[in-house]
């Protein structure tokens, strides 16, 4: 760590651990049964970090890079299958270059050498990914400031096939900037001029929670407009205040499903085991209010109504039903078991016949 490097906030550390856990889940879900890649062949999974070396204020992004490097260095599959592509200023800013390389020290045992990209990063990243042609690329974009939001790196990620994007948005920054004419051009580039103009009008007079929901909705809509088929939002808070929005965007269903399972495990809030996709240890510790609705009971009732007279497995129901809903596979297992315990489903070995 350089002398100017700061310690990451707890919510940043939580974000870093979630992204690193996603890479491990990807490796074990896709590559666990495959033989290791020969050292002379390209990596099968690429991780691209665009902002860890962007500036002296990019310590938050470097915290994610350090978590990824540590996880990859410890995991036998990632050690042989992961290739890191990292943007760094090099000799133009030796302190930041040293901070990036320090964050990457745990990954020195990886089979594939880390590739450092300097000026004009996207042209070189595109060229490199075209050369190695990995099965998938996980990209982390953490713009930090308004100029980064308007720079277009998010859309450059989404235009590539087989890219799974983690986008970090500093919510206080984007919330304040939404109504600030001084940064309008950056947010117009990020949201699109028409959506940004409509959002500024809609935000007037809203409560803080309503503002958060409208801004989140605008971000999701923009990601879908630029090519993402599936978008998942994970909120990270510090003392009840949302500090970051971590959005996972992909074109395929499998990455979305994988991200749901990983981010569910990193959620601090739940309702009958159904995750709320947020990290807020203060709320988890002190919010003991009774929920108005019981999420698992609601799921069981819905499945009883919609699947009556069908023979199903939890895995089949999960595949059919979970998109756009908070439920993960374990929730479907629990809901079907609840129906069976209530006499509303009949067990047939691994399958269940839903009665009502």
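The values are calculated or read from the model by the stated rules, or taken from the named source; none is laboratory data. None of the values given here were measured: they were computed from a predicted structure. Neighbour counts are summed over all protein chains in view; Cβ atoms, including those assigned to glycine, are modelled from backbone coordinates with ideal geometry.
Can you tell me which condition residue 182 does not meet? The list is (1) buried (at least 19 other Cβ atoms within 10 Å of the Cβ); (2) at pLDDT 90 or above; (3) more than 21 Å from residue 249 (Cα to Cα), and all the others hold.
Exception for residue 182: condition (1).
Within the range 314-322, identify whether any single residue is at pLDDT below 95, assigned to a loop (DSSP other than H, G, I, E, B) and within 30 Å of residue 243 (Cβ to Cβ), and answer yes or no.
no
State all residues of the range 106-131 that are surrounded by fewer than 15 Cβ atoms within 10 Å (Cβ to Cβ) and closer than 21 Å to residue 162 by Cβ; if no residue qualifies, say none.
Within the range 106-131, 123, 126, 127, 130, 131 qualify.
Restricting attention to the range 16-66, and to residues there that are out of contact with any helix residue (DSSP H, G or I) (no Cβ under 8 Å at 6 or more places or on another chain) and assigned to a helix (DSSP H, G or I), which single residue is nearest to residue 78 (Cα to Cα)?
So, considering only residues that are out of contact with any helix residue (DSSP H, G or I) (no Cβ under 8 Å at 6 or more places or on another chain) and assigned to a helix (DSSP H, G or I), the one nearest to residue 78 (Cα to Cα) is 30.
In the range 61-78, what residues are more than 17 Å from residue 17 (Cα to Cα) and either under 20 Å from the mean Cα position of the chain (by Cα) or surrounded by fewer than 18 Cβ atoms within 10 Å (Cβ to Cβ) (or both)?
76
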